[in-house]
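The values are calculated or read from the model by the stated rules, or taken from the named source; none is laboratory data. Keep in mind the model is a prediction, meaning the values are calculated, not measured. With ideal geometry, Cβ positions are generated from the backbone for all residues, glycine too; neighbour counts draw on all protein chains shown. Heavy atoms of the whole protein, side chains included, go into the accessibility calculation; ligands, DNA and RNA do not. Shrake-Rupley method; radii C 1.70, N 1.55, O 1.52, S 1.80 Å.
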Amino acid sequence: MGNYLMRKGVASNNSQDETICNRRKANIKFEDLPEDVQCTILSKLPLKEVVRTSVLSSEWRYLWVNCPNLCFDSAEISGHKRCMKKFIDNVNVVLHKCHGDVVEALKVKFGFHTTLADHVNSWISFAASSRLKVVAFDLEPIDGWFRDDRYIFPFELLNNESISCLQSIQLSFVSLKPPFQFGGFPNLRKLDLSMVHVTRKDLEDTLSSCCNIEWLSLDRCHLRDELKVDTPLFHLHHLRILRCEFTKIQFHAVNLDTFVYIGDLRPIVLNHSRKLNDVSISLCKAIFQHAVAALLNSLPSMKHLTFHVLFLRIEMQELSNNPNKFSHLRNLQLFMNIHLKDADKILFLVSFLRATPLIETLEVDFNSAGLGFVDVGPTRQNLERYEYSHLKSACITGYVGARGQVEFILHVVENAPALDVLTVYTTTRELHEHAAAQVAKCQKHSPTLKICIV
């Protein structure tokens, strides 16, 4: 590999073309390119590869100091103290030689111990003095998650100028204790907190002061209390709450587009979020009808929903007379883990559909391996008639021939006059033949319906 950037010309018999081609091969060295162009090229490479370029030419020895994105990950080294010291020394050397006015992002991931706090403080100081836009510190303790001590984020090392420059912060396994009357991060666009120790008041105050935040993720941040952010976050588009021990969640985000939640069934208040597009809800355990009623009260405006319950129970009744509807919902994905004791209640899953007057696409994944050909439960004739006039596509996976599945499928087909495609996925020839025979019993269906048994 040479230390020149070359561009191949197009072969031609014309001497003028050859001259132009030769000019394109002029001795333009990489280091002769404008600094912003160098930074753009170097930013496409991992830091390790950028540093390796220093051995290609003596003139390239310190080109890597112009790398705008600094990423350090100790995952490949062992936990031996000597290896950890080498990692820390490498980070310190790179930060010492790098140009602060060029660097935009600093990301560090390594096993933390309280004896290493001074090193992390120096790296935070570099980020502050360099007015970085992106800061990420993943400091999982060397001794494992069971340790309660966390690195205390040093707010005192930040000044107003460095705070105003920050646009993205990712922190894992740290403790946040912002100073009294902390003004927040006025230009922060993205905040990702994982396994962070913080009080309810400090978290609410911090989030309320991030007036320009667009993307927020909280993962295993246990308040064991409610999280209530009443200050309008007009720019918040993406919100993720993952495995956090909150008793209630409330945000004022009128432009929220995406909401992801994993955890226990808790009150979620997003009443101002009328533009919700994609919602994904994964619950550890819940009674189906109770979970749907909670969603009706908290997220009535969503357009696309993915709903998963790991340990699901179903009551032998439809939803209570709830006047609310998912009046904007178009696409629904249900991942249902059906227990054998609820095999006779599968048909009552249609109560969800009755709250979706404009549904167009339905996907149901039955995780019900133990329900093969179980012949229990009511028939669709026991249900009041309801028409899904906008439903065009239905897809069923995990078919095992249980009566509840059959009745659910036939109910949907017979009450969807605009249904174009029904797809049923099976796993054996016997189930394939069974599904085909059962669907053939359909009393009426859309004249354009195409049935696919896979």
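So, Leu236, is that one in a loop (DSSP other than H, G, I, E, B), open to solvent by less than 40 Å² (accessible area, probe 1.4 Å), within 25 Å of Val174 (Cα to Cα) and at pLDDT 95 or above or not? Full working, then the answer.
Values: in a loop (DSSP other than H, G, I, E, B): yes; open to solvent by less than 40 Å² (accessible area, probe 1.4 Å): yes; within 25 Å of Val174 (Cα to Cα): yes; at pLDDT 95 or above: yes.
For Leu236, the condition - in a loop (DSSP other than H, G, I, E, B), open to solvent by less than 40 Å² (accessible area, probe 1.4 Å), within 25 Å of Val174 (Cα to Cα) and at pLDDT 95 or above - is met.
The set of residues from the stretch 313-354 being closer than 18 Å to Val279 by Cβ, open to solvent by less than 10 Å² (accessible area, probe 1.4 Å) and free of Cβ contacts under 8 Å to residues at least 60 places away in the same chain comprises Phe326, Leu329, Leu332, Leu334, Met336, Leu353. Against the definition (of a type in the set (D, E, K, R), in contact with a helix residue (DSSP H, G or I) (Cβ under 7 Å, 6 or more places away or on another chain) and surrounded by fewer than 18 Cβ atoms within 10 Å (Cβ to Cβ)), how does Asp225 come out, yes or no? Yes: the conditions hold for Asp225. Looking only at the stretch 375-393, decide whether some residue is touching a strand residue (DSSP E or B) at 6+ places or on another chain (Cβ under 8 Å), in contact (Cβ under 8 Å) with a residue 24 or more places away in the chain and open to solvent by 30 Å² or more (accessible area, probe 1.4 Å). Yes, some residue in the stretch 375-393 is touching a strand residue (DSSP E or B) at 6+ places or on another chain (Cβ under 8 Å), in contact (Cβ under 8 Å) with a residue 24 or more places away in the chain and open to solvent by 30 Å² or more (accessible area, probe 1.4 Å).
Please state which one of Arg313, Arg385, Arg354, Arg380 is more than 26 Å from the chain's Cα centre (by Cα), among the basic types (Lys, Arg) and within 21 Å of Ile262 (Cβ to Cβ).
Criteria check complete, one pass: Arg313.
Taking Val254, is it aliphatic (A, V, I, L, M) and in a strand (DSSP E or B)? Spelling it out, it is not the case that Val254 is aliphatic (A, V, I, L, M) and in a strand (DSSP E or B). For the stretch 378-407, filtered to residues that are closer than 14 Å to Gln443 by Cα and out of contact with any Pro (no Cβ under 9 Å at 6 or more places or on another chain), the residue that is modelled with the lowest pLDDT is Arg385. Annotation note: Cβ proximity below 6 Å between a residue of the stretch 247-271 that is over 17 Å from Asn297 (Cα atoms) and among the acidic types (Asp, Glu) and a residue that is open to solvent by 60 Å² or more (accessible area, probe 1.4 Å) and assigned to a loop (DSSP other than H, G, I, E, B) (sequence gap 6+ or interchain) occurs for Asp257/His237.
Gly370 - would you say it is part of a helix (DSSP H, G or I) and loosely packed, with under 15 Cβ neighbours inside 10 Å?
Values: part of a helix (DSSP H, G or I): yes; loosely packed, with under 15 Cβ neighbours inside 10 Å: yes.
Here the answer is yes, as Gly370 does meet what is asked.
Let's see how each residue does on (1) more than 28 Å from His238 (Cβ to Cβ); (2) among the aromatic types (Phe, Trp, Tyr); (3) not in a strand (DSSP E or B):
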| site | (1), (2), (3) |
| --- | --- |
| Leu106 | no, no, no |
| Thr115 | yes, no, yes |
| Phe126 | yes, yes, yes |
| Asp149 | yes, no, yes |
| Gln170 | no, no, no |
| Pro178 | no, no, yes |
| Phe182 | no, yes, yes |
| Phe185 | no, yes, yes |
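Yes or no: Val135 at pLDDT 95 or above and among the hydrophobic types (A, V, I, L, M, F, W, C)? Spelling it out, Val135 is indeed at pLDDT 95 or above and among the hydrophobic types (A, V, I, L, M, F, W, C).
State which residue is farthest from the chain's Cα centre (by Cα) when the search covers only the stretch 187-225 and only residues that are among the basic types (Lys, Arg) and part of a loop (DSSP other than H, G, I, E, B).
Filtering the stretch 187-225 for residues among the basic types (Lys, Arg) gives 189-190, 200-201, 220, 224.
Next, from what is left, pick out any that are part of a loop (DSSP other than H, G, I, E, B): 189, 220, 224.
Numbers: Arg189: 16, Arg220: 14, Arg224: 23 Å.
Only one residue tops the list, namely Arg224.
Would you mind stating whether Val309 is farther than 25 Å from Arg220 by Cβ, in contact with a helix residue (DSSP H, G or I) (Cβ under 7 Å, 6 or more places away or on another chain), open to solvent by less than 20 Å² (accessible area, probe 1.4 Å) and touching a residue at least 12 places away in the same chain (Cβ under 8 Å)? It is false that Val309 is farther than 25 Å from Arg220 by Cβ, in contact with a helix residue (DSSP H, G or I) (Cβ under 7 Å, 6 or more places away or on another chain), open to solvent by less than 20 Å² (accessible area, probe 1.4 Å) and touching a residue at least 12 places away in the same chain (Cβ under 8 Å). Taking first residues from the stretch 185-204 that are within 18 Å of Phe137 (Cα to Cα) and partners that are outside any loop (DSSP other than H, G, I, E, B) and polar (S, T, N, Q), the Cβ contacts under 6 Å between residues at least 6 apart in sequence or on separate chains come to Lys190/Ser168; Asp192/Gln170; Asp192/Ser217; Ser194/Ser172; Met195/Ser172; His197/Ser175.
Mind listing whichever residues of the stretch 240-291 are small (Gly, Ala, Ser) and within 22 Å of Ile314 (Cβ to Cβ)? Walk me through how you get there before you give the answer.
Keep residues of the stretch 240-291 that are small (Gly, Ala, Ser), which gives 253, 263, 273, 280, 282, 286, 291.
Hits for the stretch 240-291 are Gly263, Ser280, Ser282, Ala286, Ala291.
Within the stretch 79-98, if we keep just the residues that are part of a loop (DSSP other than H, G, I, E, B) and either in contact with a Lys or Arg (Cβ under 9 Å, 6 or more places away or on another chain) or open to solvent by 60 Å² or more (accessible area, probe 1.4 Å) (or both), the residue that is modelled with the highest pLDDT turns out to be His80.
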